[in-house]
Ligand SMILES: Nc1ncnc2c1ncn2[C@@H]1O[C@H](COP(=O)(O)OP(=O)(O)OP(=O)(O)O)[C@@H](O)[C@H]1O
Ligand SMILES: [Mg+2]
């Protein structure tokens, strides 16, 4: 399989007002693989991730220079609705809507005008792909707010799968979960890799080492090093990366 | 061992503050006591049915029917809601979801000002502009259900806007982000996620707006025409419960005066029910 970039940046710079948040970042997220972004708090991991679905647009006073490509198309040439439909995002804190499980899952279908007759089939498929079908098939009309944190996060993943994205961005998706739930979500990610391209931001280096194929290490807005996960974790070429993964700082 | 000076002072301050807090309860109790003491005897004398469902108000002839006024109060309240709720909600949604910092900067103080304008000014503007406009372009004398609804609709805007704005802004940002990140438009995120999530607060704002409309007096007297019958048309004049009290209290005596207090009892009951409803709606979701 040829390695091509589903997401790519070239000389990407981002400014929050006067604060230089991303500095000349050249980055690539390979198709049907899991790419992890690691680095100390405040280094710009979330900022970079949110560039790909243009969530930074919601913040006043953000300036971006350089280029971002999605499937080799410049991001600005893609309709933002299409872009966000194609690139789903999972947040740090599970954020199901305060509706029933079913309505959460139907949200994207309704918004994107997917015909009603397909709904039941899509809901079932998506719940199955996050391993919630057996637990929730009879509880689809109860509020999503009563689920456990892990189930909420799974539901959020299922919710975005309903609109059939190609790429999934996950911003510290396990930081609100306990260790067992974390491992199960990791298994899920590996499962999803077959059909989706995944970019995950994580604070947890073991997690990056366990799930990802490629890893980028960021520091103060710079992408210091980017390469195969095994290489980054065993033989990093930059001693700052080495320092971080061996726990000398960060 | 006697307590130190600081502890003693602390205790006294606490007691004074407690007294302040409970004084509002005392005032409430006193108001209820007065109105009930003055208003209830007539219910015994004439009968609840003859007052609440009586069609004719002629206190000097022993007729104390306030049914037309009850109906009128409800009509103007719903009329006000019909005008004020969409406008107020639209404004609250704009402020909470669409307005930038700049627009908020002048809209919010403007709304506070709107809330602070005395009701007589609203009535005055109603008499000067709305009533003649209706008379000239729509028909009737202009003093009407329509004019009253418009004036009250504007008057309840601040209530509806501020409470539903609070409800909307207390919807967690993560819901909006979740919706937008799935490719919703701003309006889809607002209408399908934020508004449903805030619906109890929005409903409460409407109920409290109704309470404000039921209770409004001055502006209503000025534009309603104050006729003693059930309006059958948007252009008919009417008299509300509040207007009835305000119009006649200055010269009423004896049973007539008691009849006005009975009107007050009914009015108070309506307001209480509305407040209870608003609280119920809010509390139900908080517990959830
Ligand atoms: N809306 C904003 N306005 C101004 N500065 C911001 C904003 N969001 C983030 N920043 C700054 O940009 C830098 C990068 O933030 P970002 O959230 O991308 O970090 P991160 O690597 O995801 O950190 P964490 O691991 O804590 O989530 C931080 O220094 C932060 O203070
Ligand atoms: Mg982050």
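The values are calculated or read from the model by the stated rules, or taken from the named source; none is laboratory data. Just so it is clear, the model here is predicted, and its values are computed rather than measured. As a convention, Cβ positions derive from the backbone with ideal geometry for all residues, glycine included, and neighbour counts pool all protein chains shown.
So residue A:244 clears everything in (1) surrounded by fewer than 22 Cβ atoms within 10 Å (Cβ to Cβ); (2) not in a strand (DSSP E or B) except one condition, right? Which one?
Only one criterion is unmet by residue A:244, namely (1).
State which residue pairs qualify: first residue not assigned by TED's automatic domain parsing to the domain that holds residue B:205 and inside the stretch B:85-109, second residue loosely packed, with under 15 Cβ neighbours inside 10 Å in any location, beta carbons under 7 Å apart, and separation of 6 or more residues or different chains.
none
Output the residues belonging to the stretch B:67-105 that are under 30 Å from residue B:259 (Cα atoms) and either in contact with a strand residue (DSSP E or B) (Cβ under 6 Å, 6 or more places away or on another chain) or within 14 Å of chain A (Cβ to nearest Cβ) (or both).
Within the stretch B:67-105, just B:72 meets the criteria.
Taking residue B:26, is it under 30 Å from the mean Cα position of the chain (by Cα), in a helix (DSSP H, G or I) and surrounded by 10 or more Cβ atoms within 10 Å (Cβ to Cβ)?
Yes.
How many residues are away from every other protein chain (no Cβ under 11 Å) and in contact (Cβ under 8 Å) with a residue 40 or more places away in the chain when one looks only at the stretch A:137-151?
Qualifying residue count, the stretch A:137-151: 6.
Please work out if residue B:197 is modelled with pLDDT under 95 and either under 15 Å from residue A:97 (Cα atoms) or not assigned by TED's automatic domain parsing to the domain that holds residue B:145 (or both).
Here the answer is yes, as residue B:197 does meet what is asked.
Report yes if some residue within the stretch A:23-44 is at positive phi, part of a loop (DSSP other than H, G, I, E, B), within 14 Å of chain B (Cβ to nearest Cβ) and near ligand 1 (Cβ under 9 Å from one of its atoms); otherwise report no.
Within the stretch A:23-44, not a single residue is at positive phi, part of a loop (DSSP other than H, G, I, E, B), within 14 Å of chain B (Cβ to nearest Cβ) and near ligand 1 (Cβ under 9 Å from one of its atoms).
Would you confirm, using the coordinates I've provided, whether residue B:139 is modelled with pLDDT under 95, in the same structural domain as residue B:243 (by TED's automatic domain parsing) and under 18 Å from residue B:234 (Cβ atoms)?
For residue B:139, the condition - modelled with pLDDT under 95, in the same structural domain as residue B:243 (by TED's automatic domain parsing) and under 18 Å from residue B:234 (Cβ atoms) - is met.
Mind listing whichever residues of the stretch A:48-94 are closer than 26 Å to residue A:19 by Cβ and in a loop (DSSP other than H, G, I, E, B)?
Within the stretch A:48-94, A:53, A:54, A:59, A:60, A:61, A:91, A:92, A:93 meet the criteria.
Of everything in the stretch A:17-43, what is more than 16 Å from ligand 2 (Cβ to nearest atom), more than 21 Å from residue A:67 (Cβ to Cβ) and crowded, with 23+ Cβ neighbours inside 10 Å? Give them in sequence order.
Answer for the stretch A:17-43, where residues must be more than 16 Å from ligand 2 (Cβ to nearest atom), more than 21 Å from residue A:67 (Cβ to Cβ) and crowded, with 23+ Cβ neighbours inside 10 Å: just A:34.
Scan the stretch B:232-253 residue by residue and report those that are assigned to a loop (DSSP other than H, G, I, E, B), surrounded by fewer than 23 Cβ atoms within 10 Å (Cβ to Cβ) and in contact with a helix residue (DSSP H, G or I) (Cβ under 9 Å, 6 or more places away or on another chain).
If the condition is that a residue be assigned to a loop (DSSP other than H, G, I, E, B), surrounded by fewer than 23 Cβ atoms within 10 Å (Cβ to Cβ) and in contact with a helix residue (DSSP H, G or I) (Cβ under 9 Å, 6 or more places away or on another chain), then B:233, B:234, B:235, B:236, B:237, B:249, B:252 are the ones that fit.
Collect the residues in the stretch B:153-196 that are at negative phi, within 7 Å of chain A (Cβ to nearest Cβ) and not in a helix (DSSP H, G or I), keeping them in residue-number order.
B:182, B:184, B:185
Might you check whether a residue that is within 16 Å of ligand 1 (Cβ to nearest atom) and under 25 Å from residue B:98 (Cα atoms) occurs anywhere in the stretch A:74-86?
The answer is no; no qualifying residue exists.
Which of the residues spanning the stretch A:45-55 are within 14 Å of chain B (Cβ to nearest Cβ) and within 10 Å of ligand 2 (Cβ to nearest atom)?
Those that are within 14 Å of chain B (Cβ to nearest Cβ) and within 10 Å of ligand 2 (Cβ to nearest atom): A:46, A:49, A:50.
Out of the residues in the stretch A:56-114 that are free of Cβ contacts under 8 Å to residues at least 40 places away in the same chain and away from every other protein chain (no Cβ under 13 Å), state the one that is nearest to the chain's Cα centre (by Cα).
A:75
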